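Novice: I have a structure here, written as structure tokens, and I will follow up with some questions on it.
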Amino acid sequence: MRRFQAIVVALAVGSAWLPAAAQAQKEQVIHVPDFADFLAVDGDSVWATNRGRVERWSRKGKLAEVPMARPCGAMAVDHGSLWVADCEAHVVNRIDLKTARLVAAIPVAISRNGERNVVAGAGSIWVASDAESTVSRIDPATNKVIATVPTSPGVSYMTFGFGALWAVSGKGDTLEKIDPTTNSVVKKTMLGKQPGFLAAGVGAVWVQEQLDGTLARIDPQSGEIVTRVKVGDNLKYGDIDIGDGKVWLRTTDDQVFAVVDPKTNKVSARVGKAAGSGALRYSSKGVWTTAHDEHTLTWWPVSGKIGK
């Protein structure tokens with residue numbers, strides 16, 4: 001494990017964006033060397049991908065580090081483990097949450113290009129492969145691939161919700177609904193320009209249409225677009241999550257993240273000064289974001305207050 005001191009300071013970054021009730025508390029910014037990016041919540045802590053490793057952080061500093069060749073894309077926490085794709089070694093790594101030790105490296109045909117989503121759902125772990133235009137289904141009981149689902153070329157972004165796996169192709173501008181009972185695509189929806197990360201919850205599947213600067217709202221039953229929320233000029237290189245009855249959207253331009261109210265289909269809050277590309281994950285006690293170009297991990301103690 002590399003030795004360095006985690007520098008934790010409280011900053012009032014972009015406090016003008018916050019509602020008055022939230023301004024009494026300040027976000028906590030943690031300096032993280034190298035390239036902290038994708039996040040997965042683990043209780044009061046959070047896992048972050050970094051160059052050559054994944055790291056577990058709390059508000060007090062770094063708790064653990066697990067080396068790997070090239071962690072890539074969003075991770076999943078399920079079955080007492082952290083699941084993360086390694087695009088260099090072409091495996092999905094399973095890391096025990098209690099010991100922070102690698103317990104399995106599952107061979108999967110993962111492309112070295114693009115960004116993955118490792119997703120948990122229907123008792124399985126799912127990961128996409130650009131190289132073979134498939135989604136692989138992993139059984140946590142055996143740590144083996146038990147099924148592959150043919151998809152459109154370029155599928156890499158995924159989420160699970162409403163009893164289905166949802167997969168986006170940024171190359172084909174499509175959203176595909178995958179039925180886990182048949183391991184097959186049952187619906188394909190055309191999206192806007194360069195769709196990216198997505199999340200399922202609060203009554204819909206929400207997809208970033210990155211070059212359009214819009215958030216598409218998809219009906220989970222029909223698979224059709226219900227409406228679009230205009231957020232900015234673009235939504236490139238951000239992230240998305242669901243929590244507290246809202247949609248939380250990490251952005252690159254204009255602010256750190258925006259909050260969308262699913263009741264009105266409008267942006268209800270814009271938080272923080274723009275900090276470039278990074279990830280976001282909601283937790284019941286706060287919102288975590290990364291800004292890898294600024295080498296920071298930030299905890300925003302305002303969940304449940306922003307957007308109201």
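Novice: Does region 156-166 contain at least one residue that is more than 17 Å from Ile240 (Cβ to Cβ) and assigned to a strand (DSSP E or B)? Explain how you work it out, then say what you get.
Specialist: At the first step, the residues of region 156-166 found to be more than 17 Å from Ile240 (Cβ to Cβ) are 163-164.
From what's left, assigned to a strand (DSSP E or B): 164.
Yes, that holds for at least one residue.
Novice: So, one more: Considering region 138-155 alone, what residues qualify as being in a strand (DSSP E or B) and surrounded by 22 or more Cβ atoms within 10 Å (Cβ to Cβ)?
Specialist: So in region 138-155, the residues in a strand (DSSP E or B) come out as 138-139, 144-150, 155.
Scanning region 138-155 gives Ile138, Val149, Val155.
Novice: Right, another one. Can you tell me which condition Val168 does not meet? The list is (1) free of Cβ contacts under 8 Å to residues at least 12 places away in the same chain; (2) among the hydrophobic types (A, V, I, L, M, F, W, C); (3) under 17 Å from Pro195 (Cα atoms), and all the others hold.
Specialist: Unmet for Val168, out of (1) free of Cβ contacts under 8 Å to residues at least 12 places away in the same chain; (2) among the hydrophobic types (A, V, I, L, M, F, W, C); (3) under 17 Å from Pro195 (Cα atoms): (1).
Novice: Same structure again: For region 116-155, which residues satisfy the criterion of being touching a Gly at 6+ places or on another chain (Cβ under 9 Å), more than 15 Å from Lys177 (Cβ to Cβ), at pLDDT 95 or above and not aliphatic (A, V, I, L, M)?
Specialist: Asp139, Pro140
Novice: Which condition number in (1) at pLDDT below 90; (2) in contact with a His (Cβ under 8 Å, 6 or more places away or on another chain) is the one that Pro33 fails?
Specialist: Failed condition: (1).
Novice: Could you please tell me which pairs satisfy a Cβ distance under 7 Å, a separation of 6+ or placement on different chains, a first residue in region 42-62 that is free of Cβ contacts under 8 Å to residues at least 24 places away in the same chain, and a second residue that is crowded, with 21+ Cβ neighbours inside 10 Å and of a type in the set (Gly, Ala, Ser)?
Specialist: So the pair list comes out as Asn50/Ala36; Glu55/Ala48.
Novice: Does region 63-98 hold any residues that are part of a loop (DSSP other than H, G, I, E, B) and either touching a residue at least 60 places away in the same chain (Cβ under 8 Å) or closer than 15 Å to Val127 by Cβ (or both), and which are they? Spell out the reasoning first.
Specialist: The initial filter retains those residues of region 63-98 that are part of a loop (DSSP other than H, G, I, E, B), namely 68-70, 72-73, 75, 79-80, 87-90, 97-98.
Those that are part of a loop (DSSP other than H, G, I, E, B) and either touching a residue at least 60 places away in the same chain (Cβ under 8 Å) or closer than 15 Å to Val127 by Cβ (or both): Met68, Arg70, Cys72, Gly73, Met75, His79, Cys87, Glu88, Ala89, His90.
Novice: Can you tell me which of Ile106, Ile110, Ile125 is touching an Asp or Glu at 6+ places or on another chain (Cβ under 8 Å), farther than 20 Å from Ser283 by Cβ, among the β-branched types (Val, Ile, Thr) and without any contact (Cβ under 8 Å) to a residue 40 or more places away in the chain? Don't jump to the end; show me each part of the working.
Specialist: Details: Ile106 fails: touching an Asp or Glu at 6+ places or on another chain (Cβ under 8 Å); Ile125 fails: without any contact (Cβ under 8 Å) to a residue 40 or more places away in the chain.
Result of the check over Ile106, Ile110, Ile125: Ile110.
Novice: Something else now. Is at least one residue of region 201-213 touching a residue at least 60 places away in the same chain (Cβ under 8 Å), over 22 Å from Thr298 (Cα atoms) and among the hydrophobic types (A, V, I, L, M, F, W, C)? Working first, answer last.
Specialist: Step one: of region 201-213, the residues touching a residue at least 60 places away in the same chain (Cβ under 8 Å) are 202.
Those still in the list that are over 22 Å from Thr298 (Cα atoms) too: 202.
When the remaining residues are screened for being among the hydrophobic types (A, V, I, L, M, F, W, C), the result is 202.
Yes, region 201-213 has at least one match.
Novice: Could you list, in sequence order, the residues of region 258-288 that are assigned to a strand (DSSP E or B) and either without any contact (Cβ under 8 Å) to a residue 60 or more places away in the chain or more than 22 Å from Val46 (Cα to Cα) (or both)? Quick ask: steps written out before the conclusion?
Specialist: Here is the first cut: in region 258-288, the residues assigned to a strand (DSSP E or B) are 258-261, 266-271, 280-283, 286-288.
Answer for region 258-288, where residues must be assigned to a strand (DSSP E or B) and either without any contact (Cβ under 8 Å) to a residue 60 or more places away in the chain or more than 22 Å from Val46 (Cα to Cα) (or both): Ala258, Val259, Val260, Asp261, Lys266, Val267, Ser268, Ala269, Arg270, Gly286, Val287.
Novice: I'm trying to understand the selection: among the residues of region 43-56, which are surrounded by 18 or more Cβ atoms within 10 Å (Cβ to Cβ) and closer than 15 Å to Lys285 by Cα?
Specialist: The answer is Ser45, Val46.
Novice: Within region 184-205, restricting attention to residues that are among the aliphatic types (A, V, I, L, M) and in a strand (DSSP E or B), which residue is farthest from the chain's Cα centre (by Cα)?
Specialist: Taking region 184-205 and keeping what is among the aliphatic types (A, V, I, L, M), we get 185-186, 190-191, 198-200, 202, 204-205.
Subset that is in a strand (DSSP E or B): 185-186, 190, 198-200, 204-205.
Values: Val185: 22, Val186: 24, Met190: 22, Leu198: 8, Ala199: 8, Ala200: 12, Ala204: 17, Val205: 14 Å.
Checking each candidate, the answer is Val186.
Novice: Given the residues Gln255, Gln208, Gln221, which is the only one that is under 23 Å from Gly286 (Cα atoms) and assigned to a loop (DSSP other than H, G, I, E, B)? Spell out how you get there, then give the answer.
Specialist: On the way: Gln208 fails: assigned to a loop (DSSP other than H, G, I, E, B); Gln221 fails: under 23 Å from Gly286 (Cα atoms).
The match here is Gln255.
Novice: Return yes when Val226 is more than 30 Å from Asp96 (Cα to Cα) and modelled with pLDDT of 95 or more and no when it is not. Walk me through how you get there before you give the answer.
Specialist: Details: more than 30 Å from Asp96 (Cα to Cα): yes; modelled with pLDDT of 95 or more: yes.
Yes: the conditions hold for Val226.
Novice: If you don't mind, there's one more thing I want to ask. Does Asp293 satisfy the criteria of being surrounded by fewer than 23 Cβ atoms within 10 Å (Cβ to Cβ), over 24 Å from Asp212 (Cβ atoms) and not β-branched (Val, Ile, Thr)?
Specialist: Details: surrounded by fewer than 23 Cβ atoms within 10 Å (Cβ to Cβ): yes; over 24 Å from Asp212 (Cβ atoms): no; not β-branched (Val, Ile, Thr): yes.
The answer is no for Asp293.
Novice: Being more than 30 Å from Asp179 (Cβ to Cβ) and surrounded by 20 or more Cβ atoms within 10 Å (Cβ to Cβ): is that true of Ala279 here?
Specialist: Numbers: more than 30 Å from Asp179 (Cβ to Cβ): no; surrounded by 20 or more Cβ atoms within 10 Å (Cβ to Cβ): yes.
Considered against the rule, which asks whether it is more than 30 Å from Asp179 (Cβ to Cβ) and surrounded by 20 or more Cβ atoms within 10 Å (Cβ to Cβ), Ala279 comes out as no.
Novice: May I ask you to verify whether Leu175 is part of a strand (DSSP E or B), surrounded by 22 or more Cβ atoms within 10 Å (Cβ to Cβ) and in contact with a Gly (Cβ under 7 Å, 6 or more places away or on another chain)?
Specialist: Numbers: part of a strand (DSSP E or B): yes; surrounded by 22 or more Cβ atoms within 10 Å (Cβ to Cβ): yes; in contact with a Gly (Cβ under 7 Å, 6 or more places away or on another chain): no.
Judged against the criteria, Leu175 is not a match.
Novice: From Thr251, Thr264, which residue is surrounded by fewer than 20 Cβ atoms within 10 Å (Cβ to Cβ), hydroxyl-bearing (Ser, Thr, Tyr) and modelled with pLDDT of 95 or more? Even if it seems obvious, please write down each step before you answer.
Specialist: Numbers: Thr251 fails: surrounded by fewer than 20 Cβ atoms within 10 Å (Cβ to Cβ).
Of Thr251, Thr264, the one residue that is surrounded by fewer than 20 Cβ atoms within 10 Å (Cβ to Cβ), hydroxyl-bearing (Ser, Thr, Tyr) and modelled with pLDDT of 95 or more is Thr264.
The values are calculated or read from the model by the stated rules, or taken from the named source; none is laboratory data. Values in this document were obtained by computation on a predicted structure and should not be read as measured data. Virtual Cβ from ideal backbone geometry, glycine too; neighbours counted across all protein chains shown.
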